[in-house]
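Q: The structure follows.
The values are calculated or read from the model by the stated rules, or taken from the named source; none is laboratory data. In this text, all values refer to a predicted model and were calculated from it rather than measured experimentally. Cβ sites come from the backbone with ideal geometry, for glycine too, and all protein chains shown count toward neighbours. Heads up: the accessible areas ignore ligands, DNA and RNA and are worked out on the full protein's heavy atoms, side chains in. Shrake-Rupley method; radii C 1.70, N 1.55, O 1.52, S 1.80 Å.
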Amino acid sequence: MSKPIIATTSLAGCFGCHMSILDIDDRILQLIELVEFNKSPIDDIKTFTKQCDIGIIEGGCCNSENVHVLKEFRKNCKILISLGECAIMGGLPAMRNGIPVKECLEEAYWGGPTVGLNTEKIMPNDPELPMILDKVYPCHEIVKIDYYLPGCAPRADLIWAAVVALVTGDELNIPYELVKFD
Amino acid sequence: MSETVKFTIDGKECIGKKGQYIVDAAAENGVYIPVLCHMKDVIPAGSCRVCTVKANGRNMAACTSPVEEGMSIENNTAELLDIRKAIVEMLFVEGNHFCPACEKSGNCDLQALGYKYQMMVPRFPYVFERRNIDATTPKIFLERNRCIFCKRCVRMIKDAEGRSIFAFKGRGETLEINIDHKLAANMTDEMAQLAMDICPVGAILRKEVGFNEAIGTRKYDKKVIGSDIENNHQ
């Protein structure tokens with residue numbers, strides 16, 4: 001039987017959750033025995049080359065590109081996992097939610113203390129740039145998400161236990177210390 | 001000596017004092033019922049409802065209902081645990097609870113209940129309402145994004161003449177916690193610390209002392225909320 005295939009991505013996140021994946025230390029050698037990686041920053045495969053079993057999503061959706069990538073993941077993965085606070089509830093990027101986008105952009109590009117050189121009051125508007133959304137959305141408000149692993153970042157032991165349980169079909173018993181929101 | 005009453009919680013025989021609230025009587029018998037707004041020996045508010053139990057077949061707030069002779073109380077049933085988890089989830093989506101950026105994280109009762117009930121994601125959509133912060137008093141920040149309207153500070157934090165330093169303003173959607181700036185100007189460090197400690201979330205924070213406890217050493221990092229009550233009676 002071929003190995004289960006995993007894809008991962010970081011949307012509106014800080015890559016901390018991916019750092020936490022690497023934090024499984026030498027168990028990464030066991031992981032490679034257990035699974036194969038497809039599209040992921042870990043192996044630098046940029047586009048899906050085959051259907052995957054598990055998609056791990058870091059970060060919520062703050063722009064149109066995030067939504068596009070998340071929908072691609074839903075199409076190409078049987079199971080999607082929201083990894084970390086940003087994927088689950090928007091996280092720190094969602095601190096702008098409740099403040100109108102116009103107000104946020106004006107503060108960032110016109111009003112902030114470090115933008116004194118922007119005397120022409122230019123707002124980034126290149127058509128190549130993804131459109132910013134009205135607010136940052138948790139992933140499960142865009143597509144169906146199957147599992148959630150909270151934490152900022154989620155503990156490496158939690159990620160390891162969850163992925164192994166999913167791949168082997170064993171029951172997942174999570175110790176109290178591993179589920180944290182910070 | 002006050003009259004005693006006998007009652008049961010999930011079949012366990014318990015003894016309490018007449019007129020004692022269920023939540024306090026339960027604690028004396030080693031049974032933990034979660035609370036966010038209740039404080040022992042303070043007039044109850046019954047506002048958070050996370051202590052909901054089934055007493056003689058009816059759902060009641062354990063912090064406002066006194067024990068009665070022969071009362072049969074259900075506490076740890078699947079139905080009640082789901083109701084409590086739903087309340088915790090509702091509080092999480094209603095406010096702006098960014099745990100990773102909160103100074104109270106690790107010492108927060110609301111978060112600890114999220115851990116206890118293994119809340120992986122709230123079942124309700126997030127509201128993301130805009131709320132303002134009041135940082136104008138010398139000793140504390142009032143972080144309204146996290147306020148769950150338990151009224152603990154209003155009932156508990158008073159000056160030497162018995163005047164409340166905190167108060168509610170507005171009703172319904174416009175309800176918000178406020179601080180009396182004149183009274184707050186005379187707050188001592190001890191009072192500010194007490195206000196921060198009784199706040200079940202991170203809505204009241206002392207200035208200049210944030211993030212002074214290492215992750216792993218905070219109140220609920222390793223210990224489940226309520227375990228001290230349960231362990232005292234084993």
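Q: Which of B:S72, A:V115, B:I87 sits closest to the plus end of the dipole of the protein assembly as shown, meaning its Cα is farthest towards the positive end, when Lys and Arg get +1 and Asp and Glu get -1 on the C-beta?
A: B:S72
Q: Can you tell me which lysines have their Cα less than 16 Å from the Cα of B:K17? Leave out same-chain residues fewer than eight positions away.
A: Straight-distance partners of B:K17: B:K6, B:K40.
Q: Rounded, prolate or oblate: which fits the stretch B:174-234, taking a ≥ b ≥ c as square roots of the Cα gyration tensor eigenvalues, rounded meaning a/c under 1.5, else prolate when a/b beats b/c?
A: prolate
Q: In addition: Which value in deg cm²/dmol, rounded to the nearest 500, describes the helix-derived mean residue ellipticity at 222 nm for chain A, given -39,500 (n - 2.57) per DSSP H run of n ≥ 4 and division by the residue count?
A: Computed mean residue ellipticity for chain A: -8000 deg cm²/dmol.
Q: Just to confirm the filter: which trypsin sites (Lys or Arg not before Pro) across the stretch A:28-111 are DSSP coil and have at most 12 other Cβ within 10 angstrom of their Cβ?
A: For trypsin sites (Lys or Arg not before Pro) across the stretch A:28-111 that sit outside H, G, I, E and B with at most 12 neighbouring Cβ atoms in 10 Å, the list reads A:K46, A:K50.
Q: So, one more: If the only charges are +1 at each Lys and Arg Cβ and -1 at each Asp and Glu Cβ, what is the size of the charge dipole of chain A around the Cα centre, to the nearest 20 debye?
A: Using only the charged Cβ atoms, the result is roughly 500 debye.
Q: Ignoring ligands and nucleic acids, what accessible area does A:V164 show with a 1.4 Å probe (Å², nearest 10)?
A: Ignoring ligands and nucleic acids, A:V164 comes out at about 30 Å².
Q: Any idea what the relative contact order of the stretch A:1-159 is, in percent, if you count C-alpha pairs under 8 Å spaced at least 6 apart?
A: Over the stretch A:1-159, the number comes to 29 percent.
Q: Over the residues of the stretch A:32-75, compute the C-alpha Rg and express it relative to 2.2 N^0.38 Å.
A: Ratio of Rg to 2.2 N^0.38 Å for the stretch A:32-75: 1.21.
Q: Here is a follow-up. Quick one: grab the alpha carbon gyration tensor of chain A, order the square roots of its eigenvalues as a ≥ b ≥ c, and give me rounded if a/c is under 1.5, else prolate or oblate depending on whether a/b is larger than b/c.
A: prolate
Q: Using only protein heavy atoms and a 1.4 Å probe, how much accessible area in total is buried between B and A, to the nearest 100 Å²?
A: Summed over both sides, the interface buries about 2400 Å².
Q: Still on this model: What are the lysines whose alpha-carbon lies under 22 Å from the alpha-carbon of A:K50, with same-chain residues fewer than 8 places away excluded?
A: A:K3, A:K39, A:K71, A:K75, A:K78, A:K144
Q: Could you report the stretch B:1-127's accessible area per residue, 1.4 Å probe, as an integer in Å²?
A: Result: 42 Å² per residue.
Q: So if I take the centroid of the Cα atoms in the stretch B:45-115 and the same for the stretch A:1-71, what is the distance between those two points in Å?
A: 37 Å
Q: A follow-up question, please. Stokes-Einstein at 4 °C, 1.567 mPa s, Kirkwood radius from Cα pairs: D for the protein assembly as shown in µm² s⁻¹?
A: 54 µm²/s
Q: Helix-only estimate, please: 222 nm mean residue ellipticity of chain B, summing -39500 (n - 2.57) across DSSP H runs of length 4 or more and dividing by its residues, to the nearest 500. Walk me through the numbers before you get to the answer.
A: On the way: 7 runs with 56 residues, N = 234.
After summing the helix terms and dividing by the residues of chain B, the value is -6500 deg cm²/dmol.
Q: Next question. Could you please put B:S2, A:S10 in sequence from largest to smallest accessible area, using a 1.4 Å probe?
A: Final ranking, largest accessible area leading: B:S2, A:S10.
Q: Taking a ≥ b ≥ c as the square roots of the Cα gyration tensor eigenvalues, with a/c under 1.5 meaning rounded and otherwise prolate when a/b beats b/c, else oblate, which class fits the stretch B:4-76?
A: Values: a/c = 1.64, a/b = 1.32, b/c = 1.24.
Prolate shape, in that a/c is at least 1.5 and a/b is the bigger ratio.
Q: Using a 1.4 Å probe and counting only protein heavy atoms, arrange A:M19, B:M187, B:M196 so the residue with the most accessible area comes first.
A: Largest to smallest exposure gives the sequence A:M19, B:M196, B:M187.
Q: I'd like the GluC sites (Glu not before Pro) in the stretch A:115-146 restricted to DSSP loop residues with at most 16 other Cβ atoms within 10 Å, sorted by number.
A: On the way: sites: A:E120, A:E128, A:E141; in loops: A:E120, A:E128.
Taking the stretch A:115-146 and a limit of 16 other Cβ atoms within 10 Å, the loop GluC sites (Glu not before Pro) found are A:E120, A:E128.
Q: Continuing with this model, one more query. Run the accessible area of the protein assembly as shown with a 1.4 Å probe and give the carbon-and-sulfur part as a rounded percent. Intermediate results must be reported in sequence, preceding the final value.
A: Working: 11290 of 20920 Å².
With neighbouring chains kept in place, the figure for the protein assembly as shown is 54 percent.
Q: I would also like to ask the following. Please list, by residue number, every one of the chymotrypsin sites (Phe, Trp or Tyr not before Pro) in the stretch B:125-213 that is coil in DSSP and has at most 10 other beta-carbon atoms within 10 Å. Could the numbers behind the result be given before it?
A: On the way: sites: B:Y126, B:F128, B:F141, B:F149, B:F166, B:F168, B:F211; in loops: B:Y126, B:F128, B:F149, B:F211.
Answer by residue number: B:F211.
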